[in-house]
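A.B. asks: This is the structure I want to talk about, given as structure tokens.
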Amino acid sequence: MELANAIEQLLGQKIENLRDSIRLRDDGKGAYIHTWDAETIGRDKPTQEELEATWLEYETTQKPKEKRIKALKKLDPLVCQIQRYELLELDSSIAKAKLNAAMIEVNDQYPEV
């Protein structure tokens with residue numbers, strides 16, 4: 001579990017926004033919450049079980065979506081190339097074939113969740 005990411009998922013905001021209220025520390029045995037200002041944050045310090053459940057939820061639902069979006073963004077140059085070819089009235093079939101192959105690969109690696 002990535003502690004900082006689990007806390008961010010639990011709170012719905014970046015830890016940097018709460019840097020005076022939350023401090024994480026790692027003394028070589030793994031990260032832990034050193035400081036938690038419940039009054040400023042608006043909730044009590046989360047239990048280990050809460051953090052692990054939040055992280056598991058993120059890993060199984062949100063993270064796959066993020067990976068898929070990142071992979072799809074990499075296809076953007078091919079889409080632009082097709083649009084340029086079509087604007088110039090050139091044959092875009094090779095670029096379209098590359099895009100189709102890339103989309104199949106993305107769908108195989110990162111199916112929609």
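No value in this document is a laboratory result; all are computed from the given coordinates. Given the structure is predicted, the values throughout are model-derived calculations rather than measurements. As a convention, Cβ positions derive from the backbone with ideal geometry for all residues, glycine included, and neighbour counts pool all protein chains shown.
A.B. asks: If the label point is 7 Å along Cα→Cβ of Glu2, which residues in segment 56-90 have backbone nitrogen under 16 Å from it?
C.D. replies: Answer for segment 56-90: 56-71.
A.B. asks: Just list whichever of Lys29/Lys70; Lys73/Lys96; Lys45/Lys70; Lys45/Lys65; Lys14/Lys70 have alpha carbons separated by over 23 Å in the model shown. Each step should come with its number before you reach the end.
C.D. replies: Details: Lys29/Lys70 32 Å; Lys73/Lys96 16 Å; Lys45/Lys70 32 Å; Lys45/Lys65 28 Å; Lys14/Lys70 20 Å.
Those over the limit are Lys29/Lys70; Lys45/Lys70; Lys45/Lys65.
A.B. asks: Compute the convex hull volume of the Cα atoms of the chain, divide it by the residue count, and report the result per residue in Å³ as a whole number. Before the final figure, lay out the partial values.
C.D. replies: Values: hull volume 16.6 nm³, N = 113.
Taking only Cα atoms, the chain has a hull volume of 147 Å³ per residue.
A.B. asks: Got a sec to turn the phi values of segment 72-84 into Karplus ³J(HN,Hα) couplings, 6.51 cos²θ - 1.76 cosθ + 1.60 with θ = phi - 60°, whole Hz, x for Gly and Pro?
C.D. replies: Taking θ as phi minus 60°, the curve returns 5, 5, 5, 7, 3, x, 5, 4, 4, 5, 4, 4, 5 Hz for segment 72-84.
A.B. asks: Using the number of other C-beta atoms within 10 angstrom as an exposure proxy, rank Tyr85, Tyr58 with the fewest first. Mind dumping the intermediate values first?
C.D. replies: Working: Tyr85 16, Tyr58 19.
So the residues, fewest neighbours to most, are Tyr85, Tyr58.
A.B. asks: Indicate the gyration tensor shape class of segment 1-63 (rounded, prolate or oblate), computed on the Cα atoms with a ≥ b ≥ c the square roots of the eigenvalues: a/c under 1.5 is rounded; otherwise a/b larger than b/c is prolate and the rest oblate. Provide the component values of the computation, followed by the final result.
C.D. replies: Numbers: a/c = 1.72, a/b = 1.24, b/c = 1.38.
Judged from the Cα gyration tensor, segment 1-63 comes out oblate (a/c at least 1.5, b/c at or above a/b).
A.B. asks: Once the Cβ-Cβ distance between Asp27 and Lys67 is put in as r, and R0 is 30 Å, what FRET efficiency do you end up with, to the nearest 0.05? All intermediate terms of the calculation are to be shown ahead of the outcome.
C.D. replies: Working: r = 32 Å, r/R0 = 1.06.
Efficiency for this residue pair is about 0.40.
A.B. asks: While we're on this one: In whole Hz, with x marking every Gly and Pro, tabulate ³J(HN,Hα) for segment 55-66 from phi via Karplus 6.51 cos²θ - 1.76 cosθ + 1.60, θ = phi - 60°.
C.D. replies: 5, 4, 4, 4, 4, 8, 10, 6, 4, x, 5, 4
A.B. asks: Another question about this same structure. Give me the tail of P(r) for segment 74-113 as a percent: Cα-Cα pairs with distance above 12 Å.
C.D. replies: Values: 452 of 780 pairs.
That tail contains 58 percent of the Cα-Cα pairs.
A.B. asks: Using the 10 angstrom Cβ neighbour count as an exposure proxy, how do Val79, Val106 rank, fewest first?
C.D. replies: Working: Val79 13, Val106 17.
So the ranking, lowest neighbour count to highest, is Val79, Val106.
A.B. asks: Report the one residue of Leu88, Asn5, Ile104 whose Cα lies farthest in the direction of the positive end of the charge dipole of the chain (charges on C-beta: Lys and Arg +1, Asp and Glu -1; origin at the Cα centre).
C.D. replies: Of Leu88, Asn5, Ile104, it is Leu88.
A.B. asks: Taking the Cα centre of the chain as the origin, how large is its charge dipole in debye, to the nearest 20, when only Lys and Arg (+1) and Asp and Glu (-1) carry charge on their Cβ atoms?
C.D. replies: Values: 17 positive and 22 negative charges, 78 e Å.
Rounded to the nearest 20 debye, it is 380 debye.
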